[in-house]
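This report refers to the structure that appears directly beneath it.
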């Protein structure tokens, strides 16, 4: 079955991914994790986090409550993947 996500679905997925990146960066620093060590544990916790069940309006409200804008999170996400691409290429 071919499914074409709506613009809202795509935005929701990108915002969740941006929060995952932010959470992973924090998790690594708080748990003295290097590289991908500990990612399996993080991923397990991330998948069970309430964020996974949030619809877009609730997620947007949650993001605002953290003091972030959607643009900030998406910009951070873009930079994360750019840096990751540079490491992969090098």
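Quick notes
- Ordering 28, 10 by the number of other Cβ atoms within 10 Å of each residue's own Cβ, fewest first, gives 10, 28.
- Entry note, the chain: relative contact order of 42 percent, from Cα contacts under 8 Å with a spacing of 6+ residues.
- Taking only the alpha carbons of the chain, we obtain Rg and Dmax values of 14.3, 42 Å in that order.
- Look at 87, 33 and count the other Cβ atoms within 10 Å of each Cβ; fewest to most, that gives 87, 33.
The numbers here are math on the coordinates, done by the rules we state, and not lab data. Computed from a predicted model, the values in this text were never measured in an experiment. All Cβ positions, even for glycine, are placed from backbone atoms using ideal geometry, and neighbour counts span all protein chains on display.
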